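Data first, discussion second: the structure below is written as structure tokens.
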Amino acid sequence: MYQPYTLADVHASAERKRFTYISTFAGGGGSSMGYKLAGGHLLAMNEFQQIAADTYKMNFPDALTICQDIRSLDVPELMKRVGIQEGELDILDGSPPCPPFSMAGKKRAGWGQTKKVYGHVQTNIEDLTFDFIEMGAILKPKVIVCENVKGLTMNHARDYFNEMVKGFESIGYTVGHKVMSAADYGVPQKRERIFFFCIRDDIADKLGINFMTVQSLFPEQRRPVPTLKDAILDLQEDEDNMKDAEFLREDIKRRPKYEWMHLLPKDDINNPWPVKQGAAYEELGQYVPDNKYFQTRRIGWMVPSNTLTETGQTTGMCGLIHPEEDRQYTVKECLRIMSLPDDYKFHESEKLDDKYRRIGLMVAPYHMMHNANSIYEKVLCKI
């Protein structure tokens with residue numbers, strides 16, 4: 001089952017202060033939500049996009065937010081500001097940008113290119129991972145957690161992946177990595193990401209952790225897997241949500257995709273598809289000769305959603321369709337599907353599609369909560 005929650009729950013859990021962390025490439029705060037739900041105490045965050053940092057601040061008003069490029073960040077000065085010495089920080093967290101390696105990206109053709117990312121022109125954006133590693137070399141935290149896209153494990157990116165592992169090892173860490181689905185950790189979404197758990201070598205030695213046993217630090221899968229029904233069905237009784245749904249139903253009728261989209265078989269909550277059929281979904285390509293809209297899916301009630309992406313739920317794309325209605329998910333439904341709090345706050349300048357993008361870029365909080373709990377229980381509380 002999926003358990004909705006609010007920002008008040010996040011802040012109450014964070015009061016436990018079980019461990020300290022610094023969040024980099026923090027975006028709108030998805031990973032920070034997870035750490036706080038696990039009882040983490042945030043020392044500082046770093047994010048180079050101003051609107052993302054402002055949004056983060058709206059949800060975490062007391063946070064020390066540092067909005068600048070990580071490449072220009074004065075790490076020793078940051079340590080002074082938050083009152084820590086080398087080696088004292090519990091967790092350094094980071095989700096470096098991943099456009100060249102994303103399953104929806106350009107793969108190898110995107111490497112080393114100049115591109116606009118989140119409103120900023122960037123070159124060699126994939127190198128930011130190594131700037132993150134360099135930050136870890138200065139801070140020497142007990143644990144480094146790095147999240148990235150599943151595409152990092154594919155053949156075209158394997159050399160880069162190996163360089164990442166070597167980078168963490170070169171600054172004195174024992175490295176474990178695993179492709180994980182958020183659906184296995186309380187998130188109603190089949191969101192596959194790779195996570196790196198890097199344990200400082202002196203701590204790994206003390207706890208008997210090596211390259212063969214480091215994988216045991218990852219959390220065990222949770223069952224049952226939450227479904228769309230668990231996550232969003234009750235929102236049909238939410239007046240504001242249904243107003244948003246009505247807008248989306250009318251909006252899609254004006255778009256070329258509607259001619260084909262409404263043909264997709266619908267799932268009935270009173271007589272839902274069998275899980276096997278719901279998991280398989282229907283592809284719009286079956287109804288469009290040139291397969292122009294192949295990325296559009298209608299998801300069944302009894303399975304987790306497919307992955308929310310940066311652009312997939314925008315009004316022009318409408319990538320994932322509600323089980324019964326001819327529309328994409330509402331923003332409130334997307335918050336649930338990403339396991340964000342129901343009262344998550346968006347910046348006042350963010351319009352509808354900006355909100356979809358903000359959610360699609362997040363690390364799912366419930367997934368990160370289980371990661372953080374596992375690290376705390378198996379590493380931090382034993383040293």
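The values are calculated or read from the model by the stated rules, or taken from the named source; none is laboratory data. A quick note: this is a predicted structure, and the numbers were derived from the prediction, not measured. Cβ placement follows ideal geometry from the backbone for every residue including glycine, while neighbour counts extend to all protein chains displayed.
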*Scan Gly29, Gly83, Gly34 and give me the residue that is under 19 Å from the mean Cα position of the chain (by Cα) and on the phi > 0 side of the Ramachandran plot.*
Gly29
*Select the helices (runs of 4 or more DSSP H) contained entirely in the stretch 219-308, then report the ones holding at least 1 residues which are polar (S, T, N, Q) and at pLDDT below 90.*
275-280
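Every residue, every condition in (1) at pLDDT below 95; (2) over 24 Å from Tyr21 (Cα atoms), yes or no:
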site	(1), (2)
Pro76	no, no
Val82	no, no
Ser95	yes, no
Arg108	yes, yes
Gly112	yes, yes
Glu126	yes, no
Phe130	yes, no
Glu134	no, no
Leu139	no, no
*Please go through the stretch 354-379 and pick out each residue that is in contact with a Gly (Cβ under 6 Å, 6 or more places away or on another chain) and not in a helix (DSSP H, G or I).*
Leu361, Met362, Val363
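Let's see how each residue does on (1) crowded, with 18+ Cβ neighbours inside 10 Å; (2) in the same structural domain as Pro97 (by TED's automatic domain parsing); (3) of a type in the set (D, E, K, R):
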position: Lys150; (1), (2), (3): yes, yes, yes
position: Lys166; (1), (2), (3): no, yes, yes
position: Val175; (1), (2), (3): yes, yes, no
position: Ala182; (1), (2), (3): yes, yes, no
position: Lys190; (1), (2), (3): no, yes, yes
position: Arg255; (1), (2), (3): no, no, yes
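Restricting the search to the stretch 223-252, which residues are more than 29 Å from the chain's Cα centre (by Cα) and touching a residue at least 60 places away in the same chain (Cβ under 8 Å)? So that I can check it myself, show each step before the final result.
Pass one, the stretch 223-252, residues more than 29 Å from the chain's Cα centre (by Cα): 250.
Across the stretch 223-252, there are no qualifying residues.
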*Check Gln236 against each of (1) of a type outside the set (Gly, Ala, Ser); (2) assigned by TED's automatic domain parsing to the domain that holds Gly172; (3) farther than 18 Å from Gln313 by Cβ and name the one condition it does not meet.*
(2)
*Go through (1) more than 28 Å from Gln189 (Cα to Cα); (2) surrounded by 14 or more Cβ atoms within 10 Å (Cβ to Cβ) and name the single condition Lys36 misses.*
(1)
_Is it the case, given these coordinates, that Glu147 is under 17 Å from the mean Cα position of the chain (by Cα) and of a type outside the set (Val, Ile, Thr)?_
yes
*Taking the stated definitions as given, is Met58 modelled with pLDDT of 95 or more, aliphatic (A, V, I, L, M), part of a helix (DSSP H, G or I) and surrounded by fewer than 18 Cβ atoms within 10 Å (Cβ to Cβ)?*
yes
*Considering (1) surrounded by fewer than 18 Cβ atoms within 10 Å (Cβ to Cβ); (2) closer than 30 Å to Lys142 by Cα; (3) touching a Leu at 6+ places or on another chain (Cβ under 7 Å); (4) not hydroxyl-bearing (Ser, Thr, Tyr), say which one Phe211 fails and leave the rest.*
(3)
